[in-house]
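Notes for the one structure printed next.
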Amino acid sequence: VQLQASGGGLVQAGASLRLSCAASGRTFSHYAMGWFRQAPGKEREFVAGINWSGANTSSADSVRGRFTISRDDAKNTVYLQMNSLKPEDTAVYYCAARFGDNWYQESYQYGYWGTGTLVTVSS
């Protein structure tokens, strides 16, 4: 499956952004999806995950209550709605796909990765 993330940009603290990740090449509904991010000088970290039905989601403690992951299988797209953005949310955001039902927090569990989209939050 090929993944293309979009929707990043430069915003001020407190603003909102919605990231999209469009998938192609395989049956999207057979994949659990995840969003990860990597800030300069830091390791890639889990942000949010959603299972293949969309019924089971989770997010990292650092974004819980502010970020929401969702999917639209009719559009082969997974979204990350980001509200109340903070400067520490600045990073390149990646979407990832894993064949199977469940999402995982570990990046090695995902076999397919998008190219990333940069989110910069100014204070």
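The values are calculated or read from the model by the stated rules, or taken from the named source; none is laboratory data. As the structure is a computational prediction, the values presented were derived from the model and not from experiment. So basically every Cβ, Gly included, is an ideal-geometry build from the backbone, and we count neighbours across all protein chains shown. These accessible areas exclude ligands, DNA and RNA; they are computed on the full protein's heavy atoms, side chains included. Shrake-Rupley method; radii C 1.70, N 1.55, O 1.52, S 1.80 Å.
Some observations on this one:
- Inside region 86-101, residues that are open to solvent by 50 Å² or more (accessible area, probe 1.4 Å) and of a type in the set (Asp, Glu) make up a count of 2.
- Each residue in region 18-62 was checked for being at pLDDT below 95, open to solvent by 60 Å² or more (accessible area, probe 1.4 Å) and of a type in the set (Ser, Thr, Tyr), and 2 pass.
- The residues in region 63-82 that are open to solvent by less than 60 Å² (accessible area, probe 1.4 Å) and more than 19 Å from Leu3 (Cα to Cα) can be counted, and the count is 4.
- Residue match in region 10-17 (condition: among the hydroxyl-bearing types (Ser, Thr, Tyr), open to solvent by 20 Å² or more (accessible area, probe 1.4 Å) and either without any contact (Cβ under 8 Å) to a residue 60 or more places away in the chain or in a strand (DSSP E or B) (or both)): no
- Output for region 102-119, where each listed residue is of a type in the set (Ser, Thr, Tyr) and surrounded by fewer than 12 Cβ atoms within 10 Å (Cβ to Cβ): Tyr108
- Residue list for region 75-120, filter: in contact with a Lys or Arg (Cβ under 6 Å, 6 or more places away or on another chain) and among the hydrophobic types (A, V, I, L, M, F, W, C): Val78, Ala91
- Filtered residue count, region 79-109, keeping only those that are basic (Lys, Arg) and under 15 Å from the mean Cα position of the chain (by Cα): 1
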